[in-house]
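Structure record follows, encoded as structure tokens.
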Amino acid sequence: MNSRIPGFYTEDRSERLSTVVERCDLDAEAVDALDADGAVGETVDGLSENVVGSVSYPLSVATNFVVDGEDLLVPMAVEESSVVAAASKGALLARPGGGFTTDTDGPYMIGQVQVADVSDPTAARQRVLARADEIAAVANDQGVLVSHGGGCEDVTVRVVDTPAGETVVVHLLVDVRDAMGANAVNTMCEAVAPVVADATGGRVSLRVLSNLADCRLARARCRVEPAALVEDEDDPERADGLDGETVRDRIVEAWAFAAGDPYRAATHNKGIMNAVDALAVATCNDWRALEAGAHAYAAREGYGPLTTYEVGADGDLVCRIELPVQAGTVGGATAVHPAGRAAMEVLGVEAADEFAGVVAALGLAENLASLRALVDEGIQAGHMKLHAENVARQAGAPAGLVAEVAARMVAEGAVRESRARELIEVLG
Ligand code: NAD
């Protein structure tokens, strides 16, 4: 197979698909699977390069959410089982206490203009600051955000020590309103580069936004009574389960574990991002930007958890999250992909700030439910049903048999493809 395909990007989607079919010797089933999206095909073709088909994710809706007093259905696109169930469960736990309250810093992104070869960085910094208004005005001349009430609001300068020596970095603080803002900020960074070069006397190098969006933080809080943390109190199999106070204290202990150990914190935060990314994917937001921002923020004082848990004065579990949310309700792919737009309609949120609050609440709900399960029955019990159904499908179970084969494997404690095949024989 030769991967050199001159002009591949100039072909239309069906030609590209034919080329790949031929080179990779794909059968008809694989072609149908790649080309299944029909009407959406043209849209996705325009979103990326060298497109040959599309991949569908399950689009789910997480229930039970009350965010700042409003009931919401949260669209989530994710291929991992239990993520949506955990989000819905976390929201249910928070509901009796009024759900989630949120607040955000405002939609501020940072653009960076890096200047190399500056002979006196400290003096150059002063010269840039003296021309801050002029730089902001040039940035705002681009017009993309000003017409929506946003724009460059501040110019700051850092002198950064790097392995290649000191470098001067000019930051544009930009109110991006309801956009994610990367394109808009990048345009501004490129526009101001000549003024920055003139002010510093150096060589402008990189001109691009920072994904450490620490001026765009979103926070959510909720509280849960200990009694609500007891899983299935009426289930006789859980009669010897933990009481609410113990579950609450162990959740705080689990948070402390993440606060003290980056090996644990990485998984703790991965769980949060399971939900955050699922909402981002559903609404065609840039989940890589959210990921980069969240982990960079988590690492600001040594890598730690994005959530905190403590016992309140009244004995309730008090849960909090804080993370940067660089996501928009307009622009980018959100504006183009019909399913992304429809998911936004399901959520019913218009301002990026409000969206950021939902993102924070969702991440907290996911984390709360995961920790509750981890400190109590463990997470495999919840995972197993859906996992077993996937194993049954992989083993070739017809749709009508999937649930039965899965249930039997779970009951037997033998969730594996070989057992699924045997059960399909017996039950089929
Ligand atoms: P964009 O280029 O579509 O700009 C936003 C558009 O929305 C502008 O044209 C603006 O005029 C318009 N708009 C309409 N109503 C608005 C409102 N109320 N508030 C703000 N703008 C409004 O998109 P963007 O948000 O600038 O950039 C997002 C895209 O950039 C994403 O697709 C992302 O993947 C991509 N990107 C990301 C990075 C990164 O994260 N490092 C780098 C480059 C590009």
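The values are calculated or read from the model by the stated rules, or taken from the named source; none is laboratory data. What you see is a predicted model; the values in this text were computed from it and never measured. Please note: Cβ atoms are built from the backbone with ideal geometry, for glycine as well, and neighbour counts cover all protein chains shown. Protein only, heavy atoms only, side chains kept; ligands, DNA and RNA dropped before computing areas. Shrake-Rupley method; radii C 1.70, N 1.55, O 1.52, S 1.80 Å.
Some observations on this one:
- Subtracting the Cα-Cα distance of ALA335 and GLU417 from 0.36 nm times their residue separation leaves 25.3 nm of extension gain.
- Split the accessible area of the chain by element, probe 1.4 Å, and carbon with sulfur accounts for 50%.
- Percent breakdown of C-alpha pair distances by 10 Å bin, ordered from the shortest bin, for region 383-427: 38, 59, 3
- Label-point gap, in nm, between GLU253 and GLU345 - each point 7 angstrom along Cα→Cβ: 4.9 nm
- Taking packing as the residue-averaged number of other Cβ atoms within 10 angstrom, the listed peptides 122-130, 167-175 run from highest to lowest as 167-175, 122-130.
- Where only C-alpha atoms are counted, convex hull volume of region 244-325 per residue in Å³: 101 Å³
- From the Kirkwood radius over Cα pairs of region 282-400, Stokes-Einstein at 25 °C and 0.890 mPa s returns a whole-number translational diffusion coefficient of 142 µm²/s.
- For GLU310 and GLU134, the difference between the fully extended length at 0.36 nm per residue and the C-alpha to C-alpha distance is 58.6 nm.
- Region 41-110: GluC sites (Glu not before Pro) in DSSP loop, at most 16 other beta carbons within 10 Å: GLU49, GLU79, GLU80
- The ALA164 and ALA30 beta-carbon pair, evaluated with R₀ = 56 Å, returns a calculated FRET efficiency of approximately 0.75.
- Segment ASP12-ASP154, extension gain: residue separation times 0.36 nm, minus the distance between their alpha carbons: 46.7 nm
- Cα centroid of region 373-393 to Cα centroid of region 208-223, whole Å: 32 Å
- Evaluated on region 1-110, the Kirkwood hydrodynamic radius is 17.8 Å, with distances taken between all distinct Cα atoms.
- Summed side-chain charge close to GLY181 - residues other than GLY181 whose Cβ falls under 14 Å, Lys, Arg +1, Asp, Glu -1: -4
- Our note on the geometry: Cα centres of region 240-273 and region 105-135, 42 Å apart.
- Using the Cβ-Cβ distance between ASN50 and LYS270 with R0 set to 22 Å, the FRET efficiency from 1/(1 + (r/R0)^6) comes to roughly 0.15.
- Take the chain with all the other protein chains still there, run a 1.4 Å probe, and you get 48 Å² of accessible area per residue.
- Computed from Cα positions, the angle between helix 338-347 and the longest principal axis of the chain comes to roughly 80 degrees.
- Packing order of peptides 259-271, 345-357, 414-426, highest average first: 345-357, 259-271, 414-426 (average count of other Cβ atoms within 10 Å over each peptide's residues).
- Against the compact-protein benchmark of 2.2 N^0.38 Å, the Cα-based radius of gyration of region 278-328 scales to 1.43.
- Under the criterion of Cα pairs below 8 Å and six or more residues apart, the relative contact order for region 84-158 equals 24 percent.
- With the gyration tensor restricted to C-alpha atoms of region 108-210, the semi-axes of the equivalent ellipsoid amount to 24, 13, 10 Å, longest first.
- When peptides 23-29, 50-56, 243-249 are sorted by average Cβ neighbour count within 10 Å, with the highest value leading, the order is 243-249, 50-56, 23-29.
- Seen through its C-alpha gyration tensor, with square-root eigenvalues sorted a ≥ b ≥ c, region 17-176 comes out oblate because a/c lies at 1.5 or above while a/b is not bigger than b/c.
- Projected onto their three principal axes, the Cα atoms of the chain cover extents of 78, 67, 41 Å, largest first.
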